[in-house]
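Take a look at the structure below.
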Amino acid sequence: MSSGFSLIVHLTCKPSCRDEVIAMLIPVLERMAQEPDFVNTWLHSSQEEPDILVLYETWACDRGHFERHHLAQEYRREYRSRVNDLLVVPRTAEYLAPLHACPRQNASNRGH
């Protein structure tokens, strides 16, 4: 597997703050997608508890570089300084090391 990593961030929004968190987050995600080490990201909400947002990111760099370089970017500062005021508890981040991937093959690659 590659030397990159994935990151899962949980954001439990205060009641009535979900839309504001999403509105603050989407421009950050769109700017983040322009970073050279960026691979992908998905923003989800819990089907059981819609005020819980889950962000899944994949990066093609190591954690140290990500924390020193990407988390320090100017475009993240306002979001990072304001988001915890809109959450029930501070956001959590879980760093994941890749072990195995099974991407879906295109129909043309399935031997049909």
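Starting from the stretch 3-112, pick out the trypsin sites (Lys or Arg not before Pro) whose DSSP state is loop and whose Cβ has at most 10 other Cβ atoms within 10 Å.
Within the stretch 3-112, the qualifying trypsin sites (Lys or Arg not before Pro) (loop, at most 10 other Cβ atoms within 10 Å) are ARG104, ARG110.
What value, in deg cm²/dmol to 500, does the helix sum -39500 (n - 2.57) over DSSP H runs of n ≥ 4 give at 222 nm once divided by the residues of the chain?
Dividing the helical sum by the residues of the chain leaves -6500 deg cm²/dmol.
Suppose each label sits 7 Å from its Cα in the direction of the beta carbon; what would the ASN106-TRP42 distance come out to in nanometres?
2.1 nm
In what sequence do THR58, THR92 fall when counting other Cβ within 10 Å, fewest first?
Details: THR58 17, THR92 10.
Listed from fewest to most nearby Cβ atoms, that is THR92, THR58.
Please give the per residue volume of the convex hull enclosing the alpha carbon atoms of the chain, rounded to a whole number of Å³.
Per residue, the Cα convex hull of the chain comes to 139 Å³.
Around LYS14, with a cut-off of 9 angstrom between Cβ atoms, what is the net charge of the other residues, counting Lys and Arg +1 and Asp and Glu -1? Write out the running numbers ahead of the final one.
Details: positive: ARG18; negative: ASP51, ASP85.
Residues near LYS14 contribute -1 overall.
DSSP loop GluC sites (Glu not before Pro) in the stretch 1-79 with at most 12 other Cβ atoms within 10 Å of their Cβ, which ones?
GLU48
Over the chain, what is the relative contact order in whole percent, taking alpha-carbon pairs under 8 Å and six or more residues apart?
That works out to 45 percent.
Each reported figure results from applying straightforward, stated rules to the coordinates on display, with no laboratory input. All values derive from a computational prediction rather than experimental measurement. Quick reminder, even Gly has a Cβ in these numbers, built from the backbone with ideal geometry, and neighbours come from all protein chains shown.
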